[in-house]
Structure formats: C-alpha cells, structure tokens
Amino acid sequence: MSRYLVTGGAGYVGSHTVLALLDRGDEVVVLDDLSKGHRGAVPRGARLVQGRCADPVVLEQAFALGPFDAVLHFAALSLVGDSMRDPMRYIGDNLAGVTSVAGAAVKAGVRKFVLSSTAALFGFPERVPIDEEQKLEPVSAYGESKLVCERALDWADRVHGMRFAALRYFNAAGADPAGRAGEDHDPETHLVPLAIGAAMGTRAPLTVFGTDYDTPDGTCIRDYVHVSDLADAHLRVLPLLGERSVRFNLGTGTGYSVKQVIESVGRIGGKPVPFSTGPRRAGDPAVLVASSAKLREATGWSPRYGALDDIVRTAWAWHSAHPRGYAKAA
Ligand code: UDP
C-alpha cells in the first residue's frame, strides 16, 4: 500500500484519479481549496485538506499527513478563454502552485511527482497525430503556464533528483463508469457536457463553433479520452519515476468531429441535441489528435473506453443522475 498527496483531487480529472488509487488499496490525501472542485467529489476513503496549494501553512498541514510516495498535482486554472483575458494570473498562479508543491515535496523528502499538462503546449501543431517531438509553441496563456510548469520541474529534477511525469491531456471527457464521479465545471465550456445538457434540456442549445474547417464535415476534430483512462495513465507512470522523468502525450489516437459528438449524444441519449452554427472560436486548431505511442510502449496503457459512444454513455449516465452536478446529488 502506498500513500499519495493529490492536489486538485476534488476536481474533474483529480477526483477520478483519487478513485483509481483508492480502488487499488492506496491511501490518499486530497489538497484542494474547493474554488473549482467539489467536496462531494472527494470520496469518503480520502482525507481532505482544504486550502490553497501555494500557501506554505496549508502545505505543511498536508505534508504532515505523509509520508507520501508521490505527489500528483492537478490543482490549476485551466480555461483557455479566461487565460487570454488574464494571462499574468494564469501563468503566475499555475507556476506558483507547482513550485510551491514541488518545493514542499522536496523538503518532505518526496521525489516523485506527476503533473497535469496539456495538448495546449503544441498550439497549432505542424502535423497530426501529435507526438512528443513536436515543437512546443502554445498559443494561449494557459498552454504557456503549463509549459513553464514543466520547465520548472526540470530544475527540481536536475537539482533535487525529483523525478516527474508530465501528462499532456487531450480532451478529457466521460464519467466514472460506476457513477461515483463526473464532470461539473462552472462555467462549463466543454463540448460533451454542453451537448448532453442541451439534449436533456438542462442547458441552452449548443452553438457549433465553426463549420468551415478543413475537415471532412467542416467541424473541428478532437481526441476525446475517457477520464478514467486518464486516471489509469497516472497510476501507470508512477513506477517509471524511480528512474527518470518522462513526458507523455495522452489521448486515444482517434479523432471525432463536433458533429460526430452531437450525433453520438443524440444516439446514446435518445434525444437529439438542439444546436445552431456560429463563428469559429479564436485559437481552435482544426485537428488535435494525440500519438500516445510513447506512453503505450513505456507503460502498457491503452484506453478501456476508447469509443466515443462509451465516453458519452458514462457522461450521460452521470448527468442523468446529477442534473445539477454535485450541488444536488441524486
Ligand atoms: N465546441 C463547440 N461548441 C461549444 C464548445 C465547444 O463547437 O459550445 C467545440 C470547440 O470549438 C472544439 C471542440 O468543441 O472544437 C472541443 O472543445 P472543448 O472546449 O470541449 O475542448 P478544447 O478542445 O477547447 O480543449
């Protein structure tokens, strides 16, 4: 049995990873200020320390609950649009978070660290699928913030021997197949929950951002990866950290268009998604699909819920049971 500190463990990907750790019998301490995360997303088996992860007093409290085998750092600001309104806050907060947590980990003798990173590091990629060799050229302050976080960890590795894994998520979607956790952002900006909410009538009709892209149906193509598969990847990289730091792109390798997502939601939910078409959203590349060959080879990871319909089915089930998210659990 191991013990882990999970910052942002009350958030979307964090909470699913906490479940995966508890399911295999590990102990978990969640550090979350609940500004975006939800108390209801922290499973009973985990301990919650409520506070900001850049606060030294809070960090001391959290690390006192160790010793930890590793830290998994999810806590961060993560909205691309917001980051372009307030870039200094995004870069400042996300960098302060990672340097504070990694600094406290070093002090506590923890030398293994997993960072939530993002496909936004690649900006408008030169080719797809996107492998780890491609140029890192973010086109948003959010992407830049994660790039500087990765670079900060290089120094923790070089100076302190802190081994880290940076996992560059593509489009996280879906919900725990057992229905214990799901996606609940405020505001919600992601396609799958917005399309489901539109079909259920709990949200406004969807606006499709652009139908004139150079793709077969004119709408953007993304690599939707099930959140429980993302969680599984975190568990699988931990054993590598005895030896070296790693960076992996994390997606299924298959892309689906916005129209295909709309069709899938209509099919799975049995209700069509009401939508209109609108202009392109600034900063959206036509196609983002990951090559996860490096991750698969190093860890044996492969998605268990690789088909879009599987992702939508679990998301639909969670939203049906929680029409108002964690605020009003059924
Ligand atoms: N999208 C859309 N309407 C919406 C939200 C998203 O057409 O209301 C599109 C968006 O342009 C992108 C895809 O859906 O092509 C996925 O967007 P999301 O915000 O979920 O993730 P991102 O790719 O920005 O990380």
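Values in this text are rule-based calculations from the coordinates and carry no lab data. In this text the structure is predicted, and so the values were computed from the model without any measurement. Reconstructed Cβ throughout: ideal geometry from the backbone, glycine too, with neighbour counts over all protein chains shown.
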- Message: Just to confirm the filter: which trypsin sites (Lys or Arg not before Pro) across region 35-90 are DSSP coil and have at most 14 other Cβ within 10 angstrom of their Cβ?
- Response: Arg44
- Item | Where GluC sites (Glu not before Pro) in DSSP loops with at most 11 other Cβ within 10 Å are excluded, longest remaining stretch of the chain | 1-125
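Calculate, in nm to one decimal, what Val57 and Thr189 gain on full extension: separation in residues at 0.36 nm each, minus their alpha carbon distance.
Numbers: separation 132, 0.36 × 132 = 47.52 nm, distance 3.31 nm.
Length gained, Val57 through Thr189: 44.2 nm.
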- Note on the structure: One finds, for Asp157 and Leu79 with R0 = 41 angstrom and r their Cβ-Cβ distance, a FRET efficiency to the nearest 0.05 of 0.90
- What aspartates and glutamates sit close enough to Lys259 to cross-link, taking a C-alpha to C-alpha distance under 16 Å and skipping anything fewer than 8 places away on the same chain? Asp212, Asp214, Asp217, Asp223, Asp284, Asp309
- Message: How big is the dipole moment of the chain about its Cα centre under a simple scheme where the beta carbon of each Lys and Arg is +1, that of each Asp and Glu is -1, and everything else is neutral? Debye, nearest 20, please.
- Response: 500 debye
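Take the Cα radius of gyration of region 183-258 and divide it by 2.2 N^0.38 Å, with N its residue count; two decimals is plenty.
So region 183-258 has a normalised radius of gyration of 1.46.
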- Message: Along the Cα→Cβ direction, 7 angstrom out, place labels at Thr277 and Ala307. What is the inter-label distance in nm?
- Response: 2.9 nm
- What percent do you get for the relative contact order of region 252-303 when only Cα pairs under 8 Å and 6+ apart count? 49 percent
- So what are region 1-80's ellipsoid semi-axes, whole angstrom, largest first, if each one is the square root of 5 times an eigenvalue of the alpha-carbon gyration tensor? 18, 15, 10
- Nearest-20 debye value, region 12-168 charge dipole, Cβ charges on Lys, Arg, Asp, Glu: 240 debye
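Using Cα pairs closer than 8 Å and at least 6 residues apart in sequence, work out the relative contact order for region 64-220, in percent.
Values: 195 pairs, mean separation 32.5, N = 157.
Normalised by residue count, the contact order of region 64-220 is 21 percent.
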- Task: Give the shape of region 58-103 as rounded, prolate or oblate, defined through the alpha-carbon gyration tensor: a ≥ b ≥ c are the square roots of its eigenvalues, a/c under 1.5 means rounded, and otherwise the shape is prolate if a/b is larger than b/c and oblate if not.
- Result: prolate
- Item | Partners for Lys36 among lysines (Cα-Cα distance below 26 Å; same-chain residues under 8 apart left out) | Lys112, Lys146, Lys328
- Any idea which of Ser228, Gly218, Ala195 is furthest toward the positive side of the dipole for region 178-236, if Lys and Arg beta-carbons carry +1 and Asp and Glu beta-carbons -1? Ser228
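Between Ser320 and Thr207, what length comes free when the chain is fully extended (0.36 nm per residue of separation minus the Cα-Cα distance, one decimal in nm)?
On the way: separation 113, 0.36 × 113 = 40.68 nm, distance 2.16 nm.
Gain on stretching Ser320 to Thr207: 38.5 nm.
Suppose only helical runs count, i.e. DSSP H with n ≥ 4. What mean residue ellipticity at 222 nm does that imply for the chain under -39500 (n - 2.57) per run, divided by all residues and rounded to the nearest 500 deg cm²/dmol?
Calculated from helices alone, the mean residue ellipticity at 222 nm is -11500 deg cm²/dmol.
From the convex hull of the Cα coordinates of the chain, what is the mean projected area in square nanometres? Numbers along the way, then the final one.
Values: hull surface 61.1 nm².
With the hull built on Cα positions only, its mean projection is 15.3 nm².
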- Rg in Å to one decimal, and Dmax rounded to a whole Å, for region 215-330 via C-alpha atoms: 16.9, 51
- Estimated inter-spin distance, Glu133 and Glu243, nm [label 7 Å along Cα→Cβ]: 2.1 nm
- Task: Enter the mean projected area of the convex hull around the alpha-carbon atoms of region 25-178, in nm², rounded to one decimal.
- Result: 10.3 nm²
- Note on the structure: Dividing the mean separation of Cα pairs under 8 Å (6+ apart) by the residue count of the chain yields a relative contact order in percent of 18 percent
